[in-house]
Every structure is written in C-alpha cells, then in structure tokens.
Amino acid sequence: MGDKSTAYYNFKANYKLHEDTGLNSGDIVVVVAYFIVIIIVGVFAMYRANRQTVSGYFLAGRSMLWLPVGASLFVSNIGTEHFIGLAGSGAGSGISVGAWEFNAILLLQLLGWIFIPVYIACGTYTMPQYLSKRFGGTRLRVYFAVLSLILYIFTKCSGDLFTGALFIQQSLRWDLYLSIFILVFITGLMTITGGLTAVIYTDTIQAFLMVGGGLTLMGLAFKDVGGYDGMVRQYETAMTNESYRVPNTTCHLPDKNAFRMLREADDDYMPWAGFLLGQTPGSIWYWCADQVIVQRLLAAKSISHAKGATLMAGFIKILPLFMMVMPGMISRIKYPDEVACVDRDICYEVCQSYAGCTNIAYPRLVLGIMPEGLRGLMMAVMIAALMSDLDSIFNSASTLFTIDIYKRIRKSASVQELMIVGRIFIVVMIGVSIAWVPILKETQGGQVFIYIQEITNYLAPPFAAVFLLAVLVPMVNEKGAFWSLMIALLTGVTRMILAYVYNDSSGDCLTPDTRPAILKNFHYMYFALLITVMTAGFAIVISYFTGRPTEEQLFRTTYWTRHAKLEEGNKVNDVDGFDNIAMTTSDENNTITEKNNSVEKNYRYSVENGNRNIFRDPNLDKQEKDDKDEKSCKNIILKYLCGAGKQDEDEDAKLKEHMAKVAELQQDKMAAVCLNIGLVVILMIGAFLYFFWSFWRYEP
C-alpha cells in the first residue's frame with residue numbers, strides 16, 4: 001500500500017470527491033456580469049477622482065458620505081479570510097470565533113467617538129504620521145510604518161490571497177497559485193489606477209453583494225438542515241466515516257463547547273478572560289490605529305459622516321456569526337468526510353493541505369447546495385470579498401510606504417514620483433505575500449483566521465497601548481513610547497520565534513504537546529495582555545522621568561486638546577499637515593503661509609544653513625515644459641493609469657480649505673443627538689450578544 005494510510009485508500013476507493021462541485025455556464029455568466037459592473041464603476045470613480053494630489057489619491061479628497069465610507073469600512077475588514085476563516089473555525093470549533101465580530105461592534109465606536117476626532121483635528125494622513133505629530137521625531141513613525149507593512153504582508157495580504165484562491169481552486173479545479181495570480185492581477189490593476197476613491201465606490205457595490213449573497217446562502221443552509229434546531233442536533237454527530245478515521249483517537253469528534261462563545265478562563269481555544277483582556281488590545285490596534293481601517297474614515301467629509309460610518313459598520317458586524325460561522329458548521333454536518341477530515345493523506349487529497357480542511361467549509365457548502373446561477377453569485381461574492389480587502393490593503397500599504405518611508409529617504413520627491421513609487425511598492429508587496437502562502441496554509445490546524453489573530457497578538461498590542469496613551473494621557477512622551485515599544489518588540493519577537501521553532505511539536509489529537517511550558521501553558525491571548533500592560537507601564541514610568549511633551553506636540557493631538565485654538569502670535573511647526581508634502585524637503589524648520597484671498601498664495605520654505613536662510617521656490621519641482629510634456633506619450637499614459645500630470649492649483653487650494661474646515665470637528669446639533677442615540681443602542685446590542693451567546697443553552 002505504499003506510504004499512504006489504510007484510511008486514505010478506503011477514501012479513494014469509496015468516496016466520490018468533487019462529484020457535485022464546479023461551476024457551469026450559467027454561473028460563469030453571472031461572474032462575468034459582476035466583473036463588467038465592477039470595472040464600469042471603477043473606471044467611473046477613476047475619472048471622477050482627484051488623483052493628482054496626495055490627499056486626492058490616498059484620502060479621496062475627504063469628500064465621502066457615511067454610506068460609502070461605512071460600506072468600505074465593512075468590506076475592508078470582511079475579506080475572504082473571514083468567509084473562509086470564520087466558516088472554517090466554525091466547522092472546527094463552533095461559534096466561539098464569532099466573538100471577534102462582536103468585539104468589533106464595540107471597538108468601531110471607540111474609533112468613531114475617541115480616536116477619529118483626534119486624527120481629523122490634527123490633520124493626519126497616516127497613523128505613523130500621527131505618532132510623529134504627537135510625539136515628535138521620526139523613529140516612531142518609521143518603526144510603526146515598517147511593522148504595519150510586515151503585518152499586512154504576513155497576515156492580511158497572504159491570508160486573503162490564500163483563502164480567495166482556495167475558493168477558486170475548489171470551484172474550477174485550477175491550480176492554487178494560478179488562481180492567486182489571476183486574482184492579484186485584476187485587483188492590483190484597479191487599485192493602482194484608481195486610488196481610494198475607486199476603492200470606496202467599488203467597495204460600496206461589493207458590500208451589498210456580499211451581504212445579499214451571504215444571507216442567501218445562510219437561508220438555504222438552515223433550510224437544508226431543519227433550522228437552528230436541526231443544526232444543533234446534527235453538529236454533535238458531524239464526524240467522518242469510521243473507515244476514514246485515524247484508529248484509536250478522538251480527532252473526529254466535534255468540539256463539546258461548540259455552542260458556547262466565551263469559555264472558562266483556562267480554555268485552550270477561547271478563554272473569556274484572555275479574550276476580553278488580552279485579545280482586545282490587538283483588536284484596538286486593528287480597529288483604531290490600523291491604516292487600512294482608519295484611512296476609510298479619514299476620507300469622510302465631516303466628523304458626523306465618520307461617526308455615522310462606524311455605526312453603520314457596527315450594525316452590519318452583527319451578521320457574520322449567522323452568515324459565515326454557522327454556515328461553516330452546517331458544511332461540516334453535510335460534508336464531514338471532507339471538511340472534518342483527520343487523516344493527513346485524505347486532507348491533502350481534498351484541499352492540498354496536511355493540517356486539515358476546515359478552510360474549505362464555506363466554498364464546499366456553496367458548491368454543494370446552491371443552484372445554477374446562485375453558485376455564480378456566490379463566486380462573485382467571494383471575489384468581491386477578496387478584491388475589497390486586497391484593494392484596501394494595497395492602497396493603505398502604498399500610502400504608508402510612500403508618505404512615511406520613501407518620503408523620509410527621498411525628501412525632494414515630486415508628487416508624480418510619489419504616485420509612481422506607491423504603485424511599484426504594491427507589486428513588490430504582492431510578490432512577498434505570495435511567497436508566504438505555503439507557510440500559512442499549514443499552520444494552526446488549517447484554521448487561517450486563528451493564525452492571523454495569533455501572529456497579530458505577538459506584535460500589535462503594544463501599539464494599542466501607545467495609541468491609547470497618546471490620545472488619552474498627555475504626559476506620555478516620545479522616549480517613553482519608543483523605548484517601551486522596543487522592549488515589547490523584543491518580547492513579542494522572542495515568543496513568535498519560539499512558536500515557530502516548536503510548531504511541529506505543538507501536539508494534536510494524535511500526538512502529545514511537547515512544547516516548553518511558556519508556550520504550552522501560556523495562551524497567546526494572555527501573552528497579548530502581558531505585553532500590553534508592560535508597554536503601558538514602561539511608557540508611563542519612562543515619560544515621568546524624562547519630562548512632558550511640548551505644547552506644540554499636544555496641539556490637537558489628544559482627546560482633551562482636539563478643539564484647541566492657536567493663540568494669536570503663536571504658530572505650530574506642522575509635520576506635513578494639510579499641505580502638499582511634495583512641496584517641502586524636510587519635516588523640520590519649515591513655515592508655510594497661505595493667503596486665501598482671490599489668487600494670492602505664498603509658499604515659503606526656510607532652512608537654517610549655517611548663518612544663512614535659504615528660501616526654496618516650490619516651482620523648482622515643476623517641469624519647465626508642462627504644456628508640451630502633457631501631450632507626450634509617456635505623460636498621457638501616466639495621467640490615465642496613475643493620475644500623474646499637471647496639478648490644478650485652484651482645486652488644490654479648495655481641497656486644503658475643505659480639509660481645514662473638517663478639522664474644526666463641527667457638528668449639527670440634531671445630527672450629534674441622533675448619532676449619540678445610535679451609539680447607546682449599538683453598545684447595548686454588542687454587550688447583549690456577548691452575554692447571550694456565552695451563557696444561553698439551547699436544548700433541541
């Protein structure tokens with residue numbers, strides 16, 4: 001029988017794999033129609049957008065209403081790693097994974113009511129830039145930008161590529177990496193050409209498609225198993241055929257706590273104390289300080305629209321438990337020999353992974369129970385989820401690299417150079433992410449969503465502590481923030497290295513866990529709590545002994561100073577701020593003045609050079625033959641693909657004036673009252689859902 005197990009040969013001889021899967025002509029027509037609609041919307045948004053300025057390309061000119069911003073906020077979070085990952089974790093361990101979605105309901109409002117007012121008031125483009133404004137210097141800014149890009153590549157981007165390609169592989173039987181290449185090409189092309197405006201407009205269409213398709217599958221799935229009652233009864237016996245199991249083990253048994261969300265404090269999967277106190281800091285980083293999420297709200301036309309968007313996204317986040325996690329559990333009920341496989345050889349035959357096949361739960365259910373046409377709709381939903389998440393990541397990563405890293409290296413870079421470099425970085429990022437996919441698919445027993453959370457919790461929680469302190473505790477300074485982060489980085493990286501070194505000995509139902517006690521008995525959620533508290537403690541102590549930040553650093557950069565007014569005769573040495581960052585060559589010693597009369601504007605740049613002041617003319621960045629160059633083939637291509645070209649000064653001045661007005665945080669009284677009522681309602685719903693699904697016991 002060779003190197004394969006007896007169970008494998010029984011499976012090959014008796015199980016008809018992929019018999020009822022695959023897309024037919026009707027499904028393909030639906031997918032093609034979806035692509036046509038998305039391309040039309042993307043092209044429309046591309047030509048409507050102001051793509052020739054940094055704020056126009058990266059922040060959509062801060063002109064977006066609450067509906068598209070809220071939709072983009074939701075789909076930027078809900079990518080294929082959620083459809084695939086949440087359903088897969090539901091199939092493997094039950095409803096516990098839904099706790100992340102309920103946590104998001106609450107933390108979105110923390111973003112909308114505490115963090116976003118500060119970010120908008122101080123005029124920031126990126127989260128690293130905020131740290132530079134709040135603490136001064138550049139080392140915090142560069143470090144946070146680099147770490148964010150690392151997390152994007154090794155968790156978000158690679159996770160999306162893997163899970164999206166997995167669905168296509170299951171549907172069309174294509175090679176996994178061919179599927180990845182096709183998805184990357186389409187999504188990257190749209191992001192590179194359109195900027196944030198195109199991303200938000202296409203996200204709005206995709207949000208309706210994702211929710212509609214997800215609810216449709218949910219309805220069909222519950223109908224198929226006899227409703228919630230049928231799911232509860234049948235999940236308890238959803239296990240592989242006896243001839244396909246590993247002898248003398250319990251690997252095939254479903255989780256006995258499958259219908260309990262938060263479990264005992266010492267539970268190895270979802271400890272309630274670990275999740276509420278340890279996982280939350282990692283989630284605060286994601287929802288309140290991550291460029292991908294925050295950038296959507298920075299595009300809102302006012303603080304009211306930003307808050308309305310967080311409320312909208314919060315209400316939609318109620319749905320994933322029901323339209324992703326529970327359908328994953330139903331998939332295990334219907335296809336236990338594939339979704340719940342335990343023999344390594346069988347698992348590889350089913351999904352090309354030795355770690356398990358719970359990640360195919362969602363696509364397997366789609367292909368198994370949906371009729372012709374609707375399969376194509378769900379294929380489009382999955383592609384929408386992938387594209388919406390990837391285009392958000394691409395755009396935000398490009399923003400971070402361009403503004404916070406490349407601009408530090410090439411201080412005299414022109415706007416056109418920054419626009420082109422941002423696009424080139426997307427291509428590099430994609431290549432590294434694809435290279436990481438083989439490692440990702442064999443981790444965490446095949447549960448990709450849990451892999452993403454664990455990696456994030458080794459590195460991100462310290463930044464949650466720093467951002468909370470930056471916004472709420474004025475006495476914390478740059479030295480305290482930086483050195484506390486360095487200590488936390490050393491601790492987090494040490495833990496992560498140990499986790500990967502001992503990954504093969506982590507144990508499962510077949511083998512004992514032989515890892516050191518620091519890994520085996522110290523859950524990653526409790527580790528996240530440790531480094532969060534440690535970071536906050538060191539930051540406060542170091543700041544106490546090294547002095548308070550300057551008034552300039554605290555101007556509109558904390559929750560308590562967000563409405564601060566500049567006293568007459570004083571000035572703030574702004575870091576980038578509302579100005580075109582390509583018009584200055586340094587973040588230090590620059591003064592930019594603007595007279596908003598009819599046409600008169602005077603940008604002046606001063607650098608101390610020995611005993612002389614050198615005044616730099618911003619027109620030096622402009623080409624002498626603008627009119628002729630505009631008609632050249634090279635510039636025509638750059639204009640249509642990248643938005644590069646001659647900049648409209650009047651339009652740029654209006655944009656700056658609008659951004660300054662948004663920074664005043666003015667709200668209509670009626671809008672403020674309605675938003676605060678909505679805040680109370682969504683917080684009550686979020687808290688109720690936590691308690692209900694953690695303590696309610698349904699008896700079938």
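The values are calculated or read from the model by the stated rules, or taken from the named source; none is laboratory data. Keep in mind that what you see is a predicted model, and the values were worked out from it rather than measured. Cβ: placed from backbone, ideal geometry, glycine included. Neighbour counts: every protein chain shown. When the accessible area is computed, the model is the full protein with side chains, heavy atoms only, and any ligands, DNA or RNA have been set aside. Shrake-Rupley method; radii C 1.70, N 1.55, O 1.52, S 1.80 Å.
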Discussion item. Give me Rg/Rg_expected for region 224-263, where Rg uses Cα atoms only and Rg_expected = 2.2 N^0.38 Å with N residues.
Written reply: 1.38
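Quick check for me: using +1 on Lys/Arg Cβ and -1 on Asp/Glu Cβ, what's the dipole size of region 289-384 about its Cα centre, in debye to the nearest 20? Each step should come with its number before you reach the end.
Details: 9 positive and 7 negative charges, 129 e Å.
Roughly 620 debye for region 289-384.
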Worksheet item: If you rank E478, E664, E551 by how much accessible surface each has, with a 1.4 Å probe, what is the order from largest down?
Response: E551, E664, E478
Fill in: Å² per residue, accessible surface of region 257-356 at 1.4 Å
24 Å²
Worksheet item: How do E417, E101 stack up against each other in accessible area, from largest to smallest, with a 1.4 angstrom probe?
Response: E417, E101
Worksheet, complete the sentence: From highest to lowest solvent-accessible area (probe 1.4 Å; ligands, DNA and RNA excluded), D345, D290 read D345, D290
Fill in: Distance violations [Cα-Cα > 30 Å] among K411/K479; K4/K156; K317/K479; K223/K317
K4/K156; K317/K479
Response to the item:
Ignoring ligands and nucleic acids, L110 exposes an accessible area, probe 1.4 Å, in Å² to the nearest 10, of 50 Å²
Practice prompt. Mind pulling up the Rg/Rh value for region 79-128? Radius of gyration and Kirkwood radius, both on Cα.
Written response: 1.20
